[in-house]
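Here is the structure we will look at.
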Amino acid sequence: MMAMASSDSPSSADTSGTWLEVFITFLKLGCTSFGGPVAHLGYFHKELVERRRWLSDAHYAQLLAVCQFLPGPASSQLGFALGLTRAGWRGAISAFVGFTLPSALVLFVAAGLMTSIEGDWLTSVIHGLKLVAVVIVTDAVWGMAQKLCQTWLTRAIALMVASGLLLMTFMDGVALGISVALTQILMILLAAVVGFILKPSVEAQASALLTLNYGRKLGSIFLLLFTLLLLLTLPVLNQYGVLVMARDFYQAGALVFGGGHVVLPLLESSTVAVGHLTNEAFLAGYGAAQAVPGPLFTFAAYLGALVPAGATPALQALVAIMAIFLPGFLLLLGVLPFWAQLSEKVAVRQALVTVNAAVVGLLLATLVTPVISSSIVNVWDLAVAVGGLMLLRKWHCSPLAVVFFCVVSIVLIYSFT
């Protein structure tokens, strides 16, 4: 079982949960977390920090910052870490299964159906789900900013990080020759340096200390296993089969920074480019992945079921899912014990104050683009998003009610305009 630094404050993390509680909670999130990876962070914050009070805002931001540094699906890694801190190893596995299972099953079924499904109504539904992401992420940014940006220093850092990331996004990294994903990491590192130098108060960070039930030795084994599996999957096998498919999906999960959407070119190169799948089938599956809740990496279930790897579609889908998620989880498990030891030092805790503010800035930048910029295209979209935000913040409705409101509103509006 994992434990946190003890505290009687309501913001302290509660580690007394069971794997079944974690599974049910994340199964609900897996069925309702529409809107993509960034929106998932909002759903997690709303459900686990605000509603269930499993952990504090500071602890949540700390875990999110760690996941932002690592390749792989940040929202799924964060869910895995949240399950781990709540109920140990079983909690971590339960969080992964609960959050991943719904969309993986839907996309597995979609592998045989989505190529024949089309229509304007589907476009309207997907657009409505994008507006759900606007509502959820706005709520999360607002809530985290209130807790983690209470001083002039943290507010300034959040705004500077958001401004810098937005500038890099609009410039597409051309001027400096670096990607937006790398810029995010550099911004977090720079915020940590500011914390080391200015030494802000760390009282609010006391409840965010992370203590694991395993140490650096086991963490090193996880890191070694990640590296060995990556090296073992590098040689090109002559005949395509389940092992080669697992290699391709493991490499995709291990070598991608910047979230679920960034993995698409890697998956396309190992399926469409080599002739295992048509471009039309690939894009149809991607459209389905956009429309379902849960992690975008479950797109692997769709692809795994369709590629000609010589096994049953169900087995291929399962292997693809496990292969694409495994490297991110191995890295996370390897890094966490080293991070836990570092976070006990006062200087590191001071840096965490500014790092948490940088995370708020990162989410704010992502809210502006691509969440808002790709979702709100007219006054009707703005009205629906504002209505959804009022449902969530003023009338305290559930995220599922927001999903229903946004999707139904957009379908009706687009049907009569």
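The values are calculated or read from the model by the stated rules, or taken from the named source; none is laboratory data. Here the structure is a predicted model, which means the values were calculated and not measured. Cβ coordinates were reconstructed from backbone atoms using ideal geometry, including for glycine residues, and neighbour counts include every protein chain displayed. These area figures cover heavy atoms from the full protein model, side chains too; ligands, DNA and RNA do not enter into them. Shrake-Rupley method; radii C 1.70, N 1.55, O 1.52, S 1.80 Å.
Computed values, structure above
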item: Listed residue (Phe26, Asn213, Ala87) projecting farthest to the positive dipole end of the chain, Cβ model; result: Asn213
item: All-pairs alpha carbon distance profile, segment 308-379, 10 Å steps from 0, percent; result: 15, 20, 26, 25, 14, 1
item: Segment Leu315-Ser220, length gained on full extension (0.36 nm per residue, minus Cα span); result: 31.1 nm
item: In segment 356-417, chymotrypsin sites (Phe, Trp or Tyr not before Pro) in a DSSP loop with at most 13 other beta-carbon atoms within 10 Å; result: Trp395
item: Proportion of all alpha-carbon pairs of segment 19-126 beyond 23 Å (%); result: 31 percent
item: Computed over the chain: relative contact order in percent, which uses C-alpha pairs under 8 Å that are six or more apart; result: 30 percent
item: Excluding exposed DSSP-loop trypsin sites (Lys or Arg not before Pro) (at most 13 other C-beta within 10 Å), longest clean stretch of the chain; result: 54-344
item: Computed lengthening from Ser398 to Val346, 0.36 nm per intervening residue step minus Cα-Cα distance; result: 14.9 nm
item: Calculated P(r) of the chain - Cα pairs past 36 Å, %; result: 23 percent
item: Protection proxy ranking of 196-202, 291-297 - average other beta-carbon atoms within 10 Å, highest first; result: 291-297, 196-202
item: Those lysines that a straight Cα-Cα span of less than 30 Å connects to Lys130, excepting residues fewer than 8 apart in one chain; result: Lys28, Lys46, Lys147, Lys394
item: Using a Förster distance of 30 Å, the FRET efficiency for Tyr240-Val368 (Cβ separation, nearest 0.05); result: 0.10
item: Whole-number Å³ per residue for the convex hull built on Cα positions in segment 271-417; result: 196 Å³
item: Simple label model, 7 Å out from Cα along Cβ direction - Ser201 to Arg52, nm; result: 3.1 nm
item: Accessible-area ranking of Trp339, Trp121, Trp152, largest first, probe 1.4 Å; result: Trp152, Trp121, Trp339
item: Leu231 versus Leu189: modelled label distance in nm, points set 7 Å from Cα along the beta carbon direction; result: 2.5 nm
item: Theoretical ellipticity at 222 nm over the chain - DSSP helices of four or more residues, -39500 (n - 2.57) apiece, nearest 500; result: -23000 deg cm²/dmol
item: Residue-span extension gain [Thr18 to Ile126] - 0.36 nm each, minus C-alpha spacing; result: 35.4 nm
item: Test item: Cα-centred dipole of the chain, Lys/Arg +1 and Asp/Glu -1 on Cβ, debye; result: 880 debye
item: Calculated FRET efficiency for the pair Val377/Asn279, C-beta based, R₀ 25 Å, to 0.05; result: 0.45
item: Residue among Gly79, Gly30, Gly112 with the largest mean-square fluctuation in a Gaussian network model of the chain, springs linking Cα atoms under 10 Å; result: Gly112
